[in-house]
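Structure record follows, encoded as structure tokens.
The values are calculated or read from the model by the stated rules, or taken from the named source; none is laboratory data. Keep in mind the model is a prediction, meaning the values are calculated, not measured. Using ideal geometry, Cβ is built from the backbone for each residue, glycine included, and neighbour counts are taken over all protein chains shown.
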Amino acid sequence: MSFKRVLNIIFYREPNDRIDLFKIFPRLKRFFKRRRLHFLIRTIGDLVFAFIILVGLFGPQDPGRNCILFLSWGLWWPTVVLSWFFVGRMWCGFCPFPGAGRIVQRLGLTFNLPIPPALRRYGIHWSVALLALIIWIEESTGIKESPRGTALLLLAILSGATFSAVFFPKQAWCRYLCPMGRLIGVASTLSLTEFRPDHEKCRTCKTFACKRGAEGIPGCPVYLGAFNVRNNLDCLVCGHCIELCDKDSPQLNLRNPFTELITNKGRFITCSYIIPFLMGSQLTRFFEDGGLAIHARYASAWPGQMIIYSAVMVAGFLYAHSFIRFGANLFGITEDELFGKFSPMVPIFVPMAFAGELAYRLGYAFTSAQDFLPTMGRQFGIGCLEELGFHVPTWAYPAIDLPVMTIGTIAGLFVLHEFVNEDFEGLVSVSRYRAIQVLILLMACSYLFLMGTTWRI
Ligand code: SF4
Ligand code: SF4
Ligand code: SF4
């Protein structure tokens with residue numbers, strides 16, 4: 001594999017050009033196939049997770065004396081967000097939330113009910129609603145400053161995954177209900193990598209063991225099987241099906257990150273509200289974290305603050321949604337003869353939405369990292385750590401935000417360019433094309449203006 005070929009794949013969009021990383025790095029495939037190391041990493045993750053919950057619940061509640069706040073909000077979640085672009089949903093293969101459910105099922109404590117049609121059909125919408133609820137709780141209740149609140153939030157998600165394992169086989173929570181999984185899945189449509197089968201090999205398959213399982217090894221935990229994976233939305237990249245497939249079909253491909261967004265046009269992004277919601281919530285978060293924190297300014301008690309925060313969040317959602325509606329009207333095409341209705345501005349705004357999320361999370365990580373070691377020192381009585389606090393220079397915030405948002409904006413403009421000049425060539429007039437470009441730039445300016453209020457320069 002030449003370096004030039006890698007660059008060609010990443011930067012020049014040849015929809016069918018890919019490199020199978022399992023062929024280039026056989027050890028990577030062995031890692032997924034021989035589950036021992038995978039299992040070990042997951043177990044260590046489960047133990048760290050249990051530690052975070054226990055210390056959050058029963059440890060000191062002073063944020064300056066409990067390091068789980070940084071571990072959860074400043075280290076774990078920003079790392080997961082950063083991983084989306086490189087490895088898509090691979091985090092889900094190590095995620096600790098389904099761990100307790102797996103134990104419950106191994107003990108036979110499950111009803112194994114068939115998945116209700118309502119869950120299959122509407123689960124994805126519920127997961128978006130749950131995501132909205134989590135972001136609302138996260139931002140309006142000050143949970144990021146509360147060790148017990150953080151632990152309770154993690155416990156609530158863990159309980160959802162465990163209850164679902166009690167009633168339904170395998171990981172129904174992950175397939176239909178998990179709000180984080182939904183977010184990661186949508187973000188992974190812009191990933192550099194994809195887990196896919198070799199459809200040629202699957203065509204002659206008679207066992208479909210990747211889905212059904214074989215010889216005491218259970219099949220795909222989210223009822224897919226490698227042969228069903230056509231996008232990055234639902235597959236957990238757990239690699240479970242690799243050992244089940246006797247035709248060596250599953251591949252981990254390096255690809256151009258825009259391939260899936262442009263080919264699918266955001267159509268399988270489950271619920272197109274997830275992008276305006278995410279963008280609106282980010283604008284709200286920057287607005288509130290900057291000097292404009294109106295919920296704290298205009299209400300002294302928490303119920304009032306939550307109401308004001310909710311109102312600002314709704315306004316943020318409506319603002320982002322109006323860009324998507326207006327842009328779609330300008331684009332003029334909302335239906336494709338091959339796959340029906342789609343919303344062109346959703347895939348166009350996906351890169352900016354995830355750039356905004358990354359910038360926000362990295363900003364938080366920077367701020368909270370400064371006091372992590374002293375906090376740990378105070379919590380565990382290690383005096384020498386008190387000296388190891390540091391200051392992140394104020395220029396570091398714009399130094400992160402500006403390039404991240406610039407890349408997100410250019411990526412959005414690129415998706416639009418590909419739609420207008422390739423997939424829908426000749427169908428969108430130049431004036432409308434320019435107007436949508438202005439719309440994208442206006443949204444980028446909205447981000448930068450609100451981000452700027454948090455830079456503390
Ligand atoms: S879908 Fe949710 S619970 Fe399941 S593995 Fe992914 S993040 Fe974890
Ligand atoms: S991935 Fe393997 S087991 Fe699954 S359908 Fe394809 S060939 Fe069969
Ligand atoms: S298709 Fe394979 S890698 Fe994807 S979730 Fe199912 S078992 Fe895991």
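Any residue in the range 22-32 that is assigned by TED's automatic domain parsing to the domain that holds Ala187, aliphatic (A, V, I, L, M) and within 24 Å of the chain's Cα centre (by Cα)?
Of all residues in the range 22-32, those assigned by TED's automatic domain parsing to the domain that holds Ala187 come to 22-32.
Restricting the remaining residues to those that are aliphatic (A, V, I, L, M) gives 24, 28.
Going one step further and asking which of them are within 24 Å of the chain's Cα centre (by Cα), we end up with 28.
Yes; the residues of the range 22-32 include at least one that is assigned by TED's automatic domain parsing to the domain that holds Ala187, aliphatic (A, V, I, L, M) and within 24 Å of the chain's Cα centre (by Cα).
Being of a type in the set (A, V, I, L, M) and either more than 12 Å from ligand 3 (Cβ to nearest atom) or not assigned by TED's automatic domain parsing to the domain that holds Phe163 (or both) is the filter here; which residues of the range 76-107 pass it?
Filtering the range 76-107 down to residues of a type in the set (A, V, I, L, M) leaves 80-82, 87, 90, 100, 103-104, 107.
Answer for the range 76-107, where residues must be of a type in the set (A, V, I, L, M) and either more than 12 Å from ligand 3 (Cβ to nearest atom) or not assigned by TED's automatic domain parsing to the domain that holds Phe163 (or both): Val80, Val81, Leu82, Val87, Ala100, Ile103, Val104, Leu107.
Hey, among the residues in the range 310-340 that are surrounded by fewer than 19 Cβ atoms within 10 Å (Cβ to Cβ) and under 24 Å from the mean Cα position of the chain (by Cα), which one's modelled with the lowest pLDDT?
Ser310
Condition check: more than 25 Å from Ile10 (Cβ to Cβ) and near ligand 2 (Cβ under 9 Å from one of its atoms). Does Gly181 satisfy that?
No.
For Ser159, state whether it is without any contact (Cβ under 8 Å) to a residue 12 or more places away in the chain and within 12 Å of ligand 1 (Cβ to nearest atom).
Taking the combined requirement at face value, the residue satisfies it.
Can you find a residue in the range 367-382 that is small (Gly, Ala, Ser) and farther than 29 Å from Gln61 by Cβ?
no
I need the full set of residues from the range 139-150 which are part of a helix (DSSP H, G or I) and at pLDDT 85 or above, in order please.
Of everything in the range 139-150, those that are part of a helix (DSSP H, G or I) and at pLDDT 85 or above turn out to be Ile143, Lys144, Glu145, Pro147, Arg148, Gly149, Thr150.
Could you identify the single residue in Ala156, Ala209, Ala187 that is at pLDDT 90 or above, surrounded by 18 or more Cβ atoms within 10 Å (Cβ to Cβ) and either more than 16 Å from ligand 3 (Cβ to nearest atom) or farther than 21 Å from Leu252 by Cα (or both)?
Testing whether each residue is at pLDDT 90 or above, surrounded by 18 or more Cβ atoms within 10 Å (Cβ to Cβ) and either more than 16 Å from ligand 3 (Cβ to nearest atom) or farther than 21 Å from Leu252 by Cα (or both) leaves just Ala187.
Is there a residue in the range 184-198 that is part of a loop (DSSP other than H, G, I, E, B), within 16 Å of ligand 2 (Cβ to nearest atom) and over 27 Å from Phe86 (Cβ atoms)?
No, the conditions are met nowhere in the range 184-198.
Being assigned to a helix (DSSP H, G or I), at pLDDT 90 or above, in contact with a Ser or Thr (Cβ under 8 Å, 6 or more places away or on another chain) and hydrophobic (A, V, I, L, M, F, W, C), is that true of even one residue in the range 30-47?
no
Is the range 239-257 home to any residue that is of a type in the set (Val, Ile, Thr), away from ligand 1 (no atom under 16 Å from the Cβ) and assigned to a helix (DSSP H, G or I)?
Looking for residues that are of a type in the set (Val, Ile, Thr), away from ligand 1 (no atom under 16 Å from the Cβ) and assigned to a helix (DSSP H, G or I), one finds at least one in the range 239-257, hence yes.
If I filter the range 220-227 for residues that are within 25 Å of Asn8 (Cα to Cα) and more than 16 Å from ligand 1 (Cβ to nearest atom), do I get at least one hit?
Within the range 220-227, not a single residue is within 25 Å of Asn8 (Cα to Cα) and more than 16 Å from ligand 1 (Cβ to nearest atom).
Out of everything in the range 83-141 that is among the small types (Gly, Ala, Ser) and within 14 Å of ligand 1 (Cβ to nearest atom), what residue ends up being nearest to Phe195 (Cα to Cα)?
Per the stated criteria, the residue is Gly88.
When you check Cys220 against the structure, is it of a type outside the set (A, V, I, L, M), under 23 Å from the mean Cα position of the chain (by Cα), within 18 Å of Trp173 (Cα to Cα) and more than 10 Å from ligand 2 (Cβ to nearest atom), yes or no?
So Cys220 fails the test.
Of (1) crowded, with 20+ Cβ neighbours inside 10 Å; (2) among the acidic types (Asp, Glu); (3) in contact with a strand residue (DSSP E or B) (Cβ under 7 Å, 6 or more places away or on another chain), Glu139 satisfies all except one. Which?
Only one criterion in (1) crowded, with 20+ Cβ neighbours inside 10 Å; (2) among the acidic types (Asp, Glu); (3) in contact with a strand residue (DSSP E or B) (Cβ under 7 Å, 6 or more places away or on another chain) is unmet by Glu139, namely (3).
Does the range 222-238 hold any residues that are under 19 Å from Lys29 (Cα atoms) and in a loop (DSSP other than H, G, I, E, B), and which are they?
Gly225, Val229, Asn232, Cys235, Leu236, Val237, Cys238
Considering only residues that are crowded, with 18+ Cβ neighbours inside 10 Å and among the small types (Gly, Ala, Ser), which ones fall in the range 124-136?
Ser127, Ala132
Can you run down the residue pairs with Cβ atoms below 6 Å, 6 or more apart or on separate chains, where the first is in the range 179-195 and in the same structural domain as Leu252 (by TED's automatic domain parsing) and the partner is acidic (Asp, Glu) and away from ligand 3 (no atom under 13 Å from the Cβ)?
So the pair list comes out as Thr189/Glu260.
Mind listing just one residue for me: the one in the range 89-125 that is in a helix (DSSP H, G or I) and small (Gly, Ala, Ser) and, of those, modelled with the lowest pLDDT?
So the first thing to find is which residues in the range 89-125 are in a helix (DSSP H, G or I), and the list is 89-93, 99-106, 117-125.
Keeping just the survivors that are small (Gly, Ala, Ser) gives 93, 99-101, 118, 123.
Numbers: Gly93: 92, Gly99: 93, Ala100: 95, Gly101: 95, Ala118: 94, Gly123: 87.
Step by step, filter the range 89-125, then rank; the result is Gly123.
Considering only residues that are part of a helix (DSSP H, G or I), among the β-branched types (Val, Ile, Thr) and under 21 Å from Leu283 (Cα atoms), which ones fall in the range 355-403?
Answer for the range 355-403, where residues must be part of a helix (DSSP H, G or I), among the β-branched types (Val, Ile, Thr) and under 21 Å from Leu283 (Cα atoms): Thr367, Ile400.
Given the conditions (1) more than 10 Å from ligand 3 (Cβ to nearest atom); (2) surrounded by 18 or more Cβ atoms within 10 Å (Cβ to Cβ), which single one is not true for Lys247?
(2)
Somewhere in the range 419-426, is a residue in a helix (DSSP H, G or I), assigned by TED's automatic domain parsing to the domain that holds Glu357 and under 26 Å from the mean Cα position of the chain (by Cα)?
yes
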